[in-house]
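Notes for the one structure printed next.
The values are calculated or read from the model by the stated rules, or taken from the named source; none is laboratory data. Here the structure is a predicted model, which is why all the values come from computation and not from measurement. Cβ placement follows ideal geometry from the backbone for every residue including glycine, while neighbour counts extend to all protein chains displayed. Side chains included, ligands, DNA and RNA excluded: accessible areas come from the protein's heavy atoms. Shrake-Rupley method; radii C 1.70, N 1.55, O 1.52, S 1.80 Å.
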Amino acid sequence: MNGIFNMMNKQELGLQKIFKGCLIVAFNTNEVNYIQQAIIAADRVTKYLKIPVSIVTDDILLETSYDKIIVKKPKNNIRVPRNKKASNWFNLVRTQLYELSPYERTLIIDSDFFISTDALLPHLESNRDFLISKEVYDITSGQVKVEKIYSSPLIMYWATVIIFNKSKESENIFQAAKMVENNYDFYANLYGFSTRPIRNDFIFSIACHLIGGYGIKDYGIKNYPLINCDSKVSYLSWENEKLIYNYNGESHINRIKNADLHLMNKDFL
Amino acid sequence: MNTENLRNSARVAFDRELLKQNLKVTMDSRLVVNYEGGVFTVTRELISFLHAYENDKIYILDDYNIPICAIANELLKLCKQRYQEIMNEWHIQYDEQTRIRTAKNI
């Protein structure tokens, strides 16, 4: 199936109603080719999860076998990583994905989340209305952690992987996420995090906290820790589903194989 | 044995244990099945529990604490298949890891 859903003029061309599918958001910057990254991520979703993928982008001319959902490029959410220069970042579409998704049950992943197993399938096939990553695995210490948002009592959920049904509860979470996004400075001051750049993780953490009865409901994906390979890690090679990496000041070298990896360190991708 | 050798030994031990943890986290996340919309982590305890009920229809809490109606034998078969598949692969990869003695072999 190859269709284009064009949000800019609200025409629906060739899309059939599909029960399960994946959305990956990708807007290129001068520094990073997010679209190429998204296509690689999409190839892996197709290979391991065998579900259709749609790429949410502004690039009408993009040639790809995947469905495209064309939207207007969001505002630039400039970020300044530590010891690096400022870079452009167009990440502020996630709160709209409930309406944009053509699927009844949707998996959202970041374009730098590379699947190498079928571990998400049981959760994708479950009847939970809304699921989001909560546990995180640190590949430099071997620990699984659940983090809080800075010194606040709020559990930190990671918008890297989200699964949702078209349902009232999911709709409420996305509506709450939009409200948080629109009042980001207020929530940043309330919970003690930086007002810029705007992070979808914080947005959805607060939204889940609110809609889940002020934190009593747990939306975390069970037994699926997010393997974050961040700036603490240098990637030496990644092939045949095996990542070899340096950590702890390059004095250590290790590997992780056949795992769904969040390769956040753009310098090495 | 001088302190530098001790430090190196500690570093090697850390790396080796981390390698095992990396394998464990990937395999654990795959020891999961879906049955009738419920998500079940496959454990030896679950398999033993299901054995006790044979062909009975039972209600069993899934990982999200939702009671799911299951035919014990059906869920048992699914769990055993998954357990065997993942444990076989775990064994193969663990075996491969035990042959790693130096960083260049990683």
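Would you check if residue B:9 is open to solvent by 10 Å² or more (accessible area, probe 1.4 Å), more than 11 Å from chain A (Cβ to nearest Cβ) and either at pLDDT below 95 or under 30 Å from residue A:127 (Cβ atoms) (or both)? Yes: the conditions hold for residue B:9. Given the structure, is residue A:146 surrounded by fewer than 15 Cβ atoms within 10 Å (Cβ to Cβ) and under 13 Å from residue A:132 (Cβ atoms)? For residue A:146, the condition - surrounded by fewer than 15 Cβ atoms within 10 Å (Cβ to Cβ) and under 13 Å from residue A:132 (Cβ atoms) - is met.
Scanning the stretch A:44-78 for residues that are open to solvent by 10 Å² or more (accessible area, probe 1.4 Å) and within 21 Å of residue A:123 (Cβ to Cβ) yields A:44, A:46, A:47, A:48, A:50, A:51, A:52.
For (1) under 30 Å from residue B:64 (Cα atoms); (2) more than 22 Å from the chain's Cα centre (by Cα); (3) modelled with pLDDT of 95 or more, each residue gets a yes or a no:
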| position | (1), (2), (3) |
| --- | --- |
| A:209 | yes, no, yes |
| A:221 | yes, no, yes |
| A:225 | yes, no, yes |
| A:236 | no, yes, no |
| A:242 | no, no, no |
| A:249 | no, yes, no |
| A:253 | no, yes, no |
| A:260 | yes, no, yes |
| A:263 | yes, no, no |
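Residue A:86 fulfils the conditions (1) open to solvent by 60 Å² or more (accessible area, probe 1.4 Å); (2) aliphatic (A, V, I, L, M); (3) at pLDDT below 90 except for a single criterion, (1). Checking each residue in the stretch A:99-120 for being among the aromatic types (Phe, Trp, Tyr) and more than 18 Å from residue A:172 (Cα to Cα) picks out A:113, A:114.
Of the listed requirements (1) of a type in the set (Val, Ile, Thr); (2) more than 30 Å from residue B:18 (Cα to Cα); (3) modelled with pLDDT of 95 or more, residue A:195 misses just one: (3).
Test of understanding: among A:168, A:145, which residue is within 14 Å of another protein chain (Cβ to nearest Cβ), of a type in the set (Lys, Arg) and touching an Asp or Glu at 6+ places or on another chain (Cβ under 9 Å)?
Step by step, each of A:168, A:145 is checked, and only A:145 is within 14 Å of another protein chain (Cβ to nearest Cβ), of a type in the set (Lys, Arg) and touching an Asp or Glu at 6+ places or on another chain (Cβ under 9 Å).
Against the test of being in contact with an Asp or Glu (Cβ under 7 Å, 6 or more places away or on another chain) and either without any contact (Cβ under 8 Å) to a residue 24 or more places away in the chain or closer than 27 Å to residue A:140 by Cβ (or both), the options A:159, A:188 yield a single qualifying residue, A:159.
For beta carbons closer than 8 Å, sequence separation of 6+ or different chains, a first residue in the stretch A:169-185 that is without any contact (Cβ under 8 Å) to a residue 12 or more places away in the chain and a second that is open to solvent by 40 Å² or more (accessible area, probe 1.4 Å), the qualifying pairs are A:185/A:195.
Which one of the conditions (1) open to solvent by less than 60 Å² (accessible area, probe 1.4 Å); (2) more than 10 Å from chain A (Cβ to nearest Cβ) does residue B:2 fail to meet, given that it meets all the rest? Result: residue B:2 passes all but (1).
Within the stretch B:29-49, restricting attention to residues that are surrounded by 11 or more Cβ atoms within 10 Å (Cβ to Cβ) and free of Cβ contacts under 8 Å to residues at least 12 places away in the same chain, the residue that is farthest from the other protein chains (Cβ to nearest Cβ) is B:49. Given the condition closer than 20 Å to residue A:34 by Cα, within 14 Å of chain B (Cβ to nearest Cβ) and open to solvent by less than 20 Å² (accessible area, probe 1.4 Å), answer yes or no: does some residue in the stretch A:247-261 qualify? Among the residues of the stretch A:247-261, at least one is closer than 20 Å to residue A:34 by Cα, within 14 Å of chain B (Cβ to nearest Cβ) and open to solvent by less than 20 Å² (accessible area, probe 1.4 Å), which makes the answer yes. All of B:70, B:13 fail the test of being outside any helix (DSSP H, G or I) and without any contact (Cβ under 8 Å) to a residue 60 or more places away in the chain, apart from B:70.
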